[in-house]
Amino acid sequence: MKKLISCVLAVSMVGGLVACSSSESKEKNYTVSYDGIATGDVSSGASVHDPSILEVDGTYYIYGSHMTAAKSTDLLNWEMIGDGYMKSNPVYGQIYDVADEAFAYSGSKDSVIKTDDGGTHVWAPDVIYNETTNLYYMYYCTTSTFNASNLCFGTSESPEGPFEWQAPLIYSGFNLSNVDSTDVLDYVDKDYVKKNYIKSGGYNYEDYPNAIDPTVFYDADGRMWMVYGSWSGGIFLLELNPKTGLVIHPEADEANNVDPYYGKKLLGGGHISIEGPYIMYDANTDYYYLFVSYGTLTSNGGYQIRVFRSKTVDGEYVDMNGEYPQKSAMHENYGLKLSGNYKLPSLDRAYMATGHNSAFVDSDGKEYLVYHTRFNDGGENHSPRVHQMLMNAEGWPCNLPYQTQGETVSETGYSMDEVEGRYYFINQGTDISSDIANPIIIYLNADGTCEGNEVSGTWTMTDGTYYMNITVDGTDYSGVFCKMQDEAGTECMTFSAVGSNESVWGVKY
């Protein structure tokens, strides 16, 4: 069946649009070949899973699961500073010395709820500088089973630690026989527990969260919040007291999905894949962006990054269609997919399971997406990646195709000679699978036509900006051009555009 791609780049010319429909006559090559294109891997020196980013005086720190951490000055080359479950780990301080407190409820073979494999589980940390106490706070979880976990925190005078364990925060996975080992009954009575948190004799994980994957951030008014949750009952939000680092438990408000212990439910439920929440505020767009990961984290598990946004910190967070996944939803239909499995020129392997991200606005105003990736090499090794994001004209993030190497977008846009030509083009789609988005070839012609193998359309571009729009099979995508280097350091023109919850990328040599 013939696939029609109509490519439209909005060009502002005295308030109007310019669009051309004629086609260039020179012969086109639609064969996808990487001959003559160098391959490379620009990220080195670290293996940090679930990386959460922090910038301090020009040094970038990423903190990950399994008590790992690394630092970098260029977002490319990483030096490990904490690597693994050992008492000598300099980042995590005295955690083993206070194991009877830190792992009292979950996370070890000696916990009230013992780990399912008999090991130690410290997962998904996030570090923030507390402007009230002038200390660095690390929020993380100890976890035993798929729904039994304990959020807790430690503090340090340095971003490199040691982070001294302070207190537990939120518990999940209990039942009536061990709820007394938590602080739940300090905030709700036993009748409330029986009615809401217990189902069929066990924890009601379909409606309430797994206390895991915390992210802590400040809102536009300087208030401190924690978003958390993985699978189970979905993603939840709680306010924190900056003077103590502890949770401020809200008043119950069932109509607005506010639970007096777990806080405001934002998305998900029904034990459907959704995890690794991260909220970033962008002062330029005045939106809060909620990033989450779908799928399972193995290389063939369809792991991927989605994003929602809201004008208020507590939601509602919606996708490009103005919707969000509720309990047991077919969640592949919700959330703008920023990155999944893909192959591009210069990559010696396809990138797989790109997920569990953090995000930040750097001191120079550039915005970045930070995550780990696996590869289609038959193994489960992983590596951190940092991609620059550019907001499109409508305030949605567009993830640039290649890992950042210091590129800066031209605020006044690019010339026709720079943007017209032959592109490797991929569509990330919205599926949750092991499928890889492989490129096809399209041409953006100088006369305004767009064509490829069984592909045709038109395009224009916005004058004096880097904004672009492209329409594919009747779906409109709004995006950006940016000149950058690929993973081998070869200069190329790229575009990244989003529409109807899909991301499309183009790379031109």
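Phi angles of the stretch 450-465 translate, via the Karplus equation with coefficients 6.51, -1.76, 1.60 and θ = phi - 60°, into HN-Hα couplings of 10, 8, x, 6, 6, 9, 8, x, 9, 8, 9, 9, 6, 5, x, 9 Hz per residue; Gly and Pro are given as x. A simple spin-label model places the labels of residue 56 and residue 192 3.7 nm from each other, with each point 7 Å out along Cα-to-Cβ. Legend: calculated FRET efficiency, residue 31 to residue 446, from the Cβ-Cβ distance at R0 = 22 Å, rounded to 0.05, equals 0.50.
What's the FRET efficiency of residue 431 with residue 243 using the Cβ-Cβ distance as r and R₀ = 51 Å, to the nearest 0.05?
Values: r = 46 Å, r/R0 = 0.90.
It comes to 0.65.
By accessible area, using a 1.4 Å probe on protein heavy atoms only, the chain has 46% of its surface on carbon and sulfur. Per-peptide packing, taken as the mean over residues of other Cβ atoms within 10 Å, places 92-98, 125-131, 272-278 in the sequence 272-278, 125-131, 92-98 from highest down. For Cα extents along the principal axes in Å, the candidate list reads (i) 77, 47, 42; (ii) 76, 73, 53; (iii) 73, 70, 52; the entry that matches the value derived from this model is (i).
What does the accessible area per residue of the stretch 380-509 come to in Å², with a 1.4 Å probe and no ligands, DNA or RNA counted? Before the final figure, lay out the partial values.
On the way: 4030 Å² over 130 residues.
Per residue, the stretch 380-509 has an accessible area of 31 Å².
Calculated mean residue ellipticity at 222 nm for the chain: 0 deg cm²/dmol, from DSSP H runs with n ≥ 4 weighted as -39500 (n - 2.57), summed, divided by the residue count and rounded to 500. Entry comment: accessible area of the stretch 67-142 is 42 Å² per residue, from protein heavy atoms only and a probe of 1.4 Å.
Per residue, the stretch 197-303 exposes 34 Å² of accessible surface when a 1.4 Å probe is rolled over the protein heavy atoms with every protein chain present. The magnitude of the dipole of the chain, with charges of +1 and -1 set on the Cβ of Lys/Arg and Asp/Glu and taken from the Cα centre, is near 900 debye.
The values are calculated or read from the model by the stated rules, or taken from the named source; none is laboratory data. Predicted model only: the values in this text are computed from it and were never measured. All Cβ positions, glycine included, derive from the backbone under ideal geometry; neighbour counts span all protein chains shown. Note: areas computed on protein heavy atoms with side chains; ligands, DNA, RNA excluded. Shrake-Rupley method; radii C 1.70, N 1.55, O 1.52, S 1.80 Å.
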